[in-house]
Amino acid sequence: MKSVTPTLNRRRFTALVAGTALTGAPLVQAQSGSRIVLGQSAALTGAAAQLGVQFHAGAKLHFDAVNAAGGVNGQRIEIVNLDDGYEPDRCAENTRKLIKDDVFALFGYIGTPTSLAALPLAIQAQTPFIAPFTGAMGLRQPFNKLVFHLRASYNDETALIVRQLTNLGLNKIAVFHQNDSYGKAGLDGVTAALATRNLKPVATATVERNSVDVAQAVATINAAKPDAVVQISAYKSCAAYIRAAKAAGYGGTFYNVSFVGTQALADELGKDGAGVVVSQVVPNPFSTTRPITREFLDVIAKGGNKVQPNFSSMEGFMAARMVTEGIRRAGGRVTRDSFIGGLEAIGDMSMGGFNLSLSSTDHVASSFAELSMLTGDGKVRT
């Protein structure tokens with residue numbers, strides 16, 4: 001595996017994370033004036049662009065509504081976002097700039113390889129790192145007081161996928177994955193879930209990040225004749241794989257984890273998406289059975305329907321709501337220490353029917369995961 005930054009290998013990275021978790025150095029930085037500024041590096045262009053664009057839109061939607069109502073304890077919450085194109089080196093450069101510009105916290109980073117490049121910089125600068133759009137265990141273990149997650153892990157998602165497939169009697173499972181830390185995290189999750197059933201992937205194949213060159217992967221996996229293919233990549237490469245595999249005669253099913261970007265995948269595939277399954281870590285943004293979804297759709301309507309409701313924008317909205325709750329509980333003059341304390345003080349809370357659980361020893365708010373299916377007409381059913 002490549003080092004997480006050009007100068008920081010995995011062993012030093014782990015030591016740095018663990019060391020900071022143990023030392024508990026004070027975080028006395030307070031945001032100046034009447035603004036709390038969050039910094040985000042995200043894919044806003046390239047093969048994963050819709051993930052960054054939609055997450056940011058959902059988060060800004062919530063913060064704009066909060067600011068319009070007077071902010072939190074009189075302070076506005078703003079996001080400065082920079083485009084990294086889903087490339088770790090660009091993400092690291094953006095992170096250095098955001099830290100130099102003295103943002104209060106880093107928020108809503110998109111992806112595993114990019115987040116792994118940024119996290120050591122955040123730790124070194126003692127800057128909170130909140131709600132990255134990734135389920136990789138490498139960002140959750142070892143525990144670090146600076147890092148908070150809204151979403152469930154890829155292990156949670158892949159365990160659900162494997163359980164569903166094996167319950168249906170589909171035991172010949174292949175894995176198509178991105179050739180980086182994200183792809184490996186998903187592959188590890190599938191492999192672990194299969195191992196509990198004395199099974200192994202019948203084939204694995206890779207695609208490079210930000211590439212749609214899937215011909216060799218299709219040939220490798222089709223040759224194994226799997227019942228299902230679990231995909232751990234971004235929407236453009238997953239869509240390219242599905243189309244190419246079907247064209248080459250594959251008739252099995254396709255399963256994806258949430259990072260694929262459900263609406264983006266549905267839009268990319270069109271009618272070819274019918275029957276493709278995607279695991280989700282936030283509620284269906286179109287089903288109004290939960291109050292959080294009704295709130296989300298109501299705020300979109302009040303904002304002039306400028307934000308597209310989908311799973312990615314919903315996650316951004318919910319992540320922003322979690323941040324706002326942490327700031328509210330931090331008190332009048334918020335510091336990084338009081339913000340972390342505010343997030344930990346959330347404890348067990350229902351966010352409009354979506355259960356959160358945070359404490360001083362557990363910074364992963366949710367393990368919620370469920371399956372959805374593309375219908376082939378641009379819609380998603382859960």
Fill in: Single condition THR196 does not satisfy, out of (1) out of contact with any Leu (no Cβ under 7 Å at 6 or more places or on another chain); (2) over 18 Å from VAL277 (Cβ atoms); (3) in contact (Cβ under 8 Å) with a residue 24 or more places away in the chain
(3)
Practice prompt. Consider only pairs whose beta carbons are under 9 Å apart and that are at least six residues apart or on different chains; among these, list those whose first residue lies in region 229-257 and is closer than 21 Å to SER312 by Cα and in the same structural domain as GLY275 (by TED's automatic domain parsing) and whose second residue is buried (at least 24 other Cβ atoms within 10 Å of the Cβ) and of a type in the set (Asp, Glu).
Written response: VAL257/GLU157
Fill in: Exclusive hit being over 17 Å from GLU370 (Cβ atoms), hydrophobic (A, V, I, L, M, F, W, C) and in contact (Cβ under 8 Å) with a residue 12 or more places away in the chain, set VAL278, VAL307
VAL307
Item to complete: Could you tell me whether ASN67 is under 19 Å from LYS306 (Cβ atoms), in contact with a strand residue (DSSP E or B) (Cβ under 7 Å, 6 or more places away or on another chain), in a strand (DSSP E or B) and without any contact (Cβ under 8 Å) to a residue 60 or more places away in the chain?
Response: no
Worksheet item: Just a yes or no: is a residue in region 61-69 under 30 Å from VAL212 (Cβ atoms), modelled with pLDDT of 95 or more and of a type in the set (A, V, I, L, M, F, W, C)?
Response: no
Response to the item:
Over region 95-117, the set of residues within 21 Å of ARG35 (Cα to Cα), in contact with a helix residue (DSSP H, G or I) (Cβ under 8 Å, 6 or more places away or on another chain) and either surrounded by 20 or more Cβ atoms within 10 Å (Cβ to Cβ) or among the polar types (S, T, N, Q) (or both) is THR95, PHE104, ALA105, LEU106, PHE107, GLY108, TYR109
Item to complete: Identify all residues within region 324-368 that are part of a strand (DSSP E or B) and more than 13 Å from ILE130 (Cα to Cα); write none if there are none.
Response: THR335, GLY347, ASP348, MET349, SER350, MET351, PHE354, ASN355, LEU356, SER357
Practice prompt. Sort out which residues of region 200-213 are free of Cβ contacts under 8 Å to residues at least 60 places away in the same chain, under 21 Å from ALA185 (Cβ atoms) and surrounded by fewer than 24 Cβ atoms within 10 Å (Cβ to Cβ), and write them in order of number.
Written response: LYS200, PRO201, VAL202, ALA203, THR204, ALA205, THR206, GLU208
Worksheet item: Within region 320-335, can one find any residue that is in contact (Cβ under 8 Å) with a residue 24 or more places away in the chain, in the same structural domain as VAL66 (by TED's automatic domain parsing) and closer than 30 Å to ALA239 by Cα?
Response: yes
Item to complete: Can you tell me which residue within region 70-94, out of those that are closer than 30 Å to GLU208 by Cα and touching a residue at least 60 places away in the same chain (Cβ under 8 Å), is surrounded by the fewest Cβ atoms within 10 Å (Cβ to Cβ)?
Response: ASP89
Fill in: Conditions (1) farther than 29 Å from PHE63 by Cβ; (2) crowded, with 20+ Cβ neighbours inside 10 Å; (3) of a type in the set (Ser, Thr, Tyr): number failed by THR293
(1)
Discussion item. Considering only residues that are modelled with pLDDT of 95 or more and either on the phi > 0 side of the Ramachandran plot or assigned to a loop (DSSP other than H, G, I, E, B) (or both), which ones fall in region 27-56?
Written reply: ALA43, LEU44, THR45
Fill in: Residues located in region 350-361, provided they are under 13 Å from LEU150 (Cβ atoms) and surrounded by fewer than 15 Cβ atoms within 10 Å (Cβ to Cβ)
ASN355, SER357
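The values are calculated or read from the model by the stated rules, or taken from the named source; none is laboratory data. Fair warning: this is a prediction, and the values are worked out from it, not measured in the lab. Heads up, the Cβs are rebuilt from the backbone with ideal geometry, glycines too, and the neighbour counts pull from every protein chain shown.
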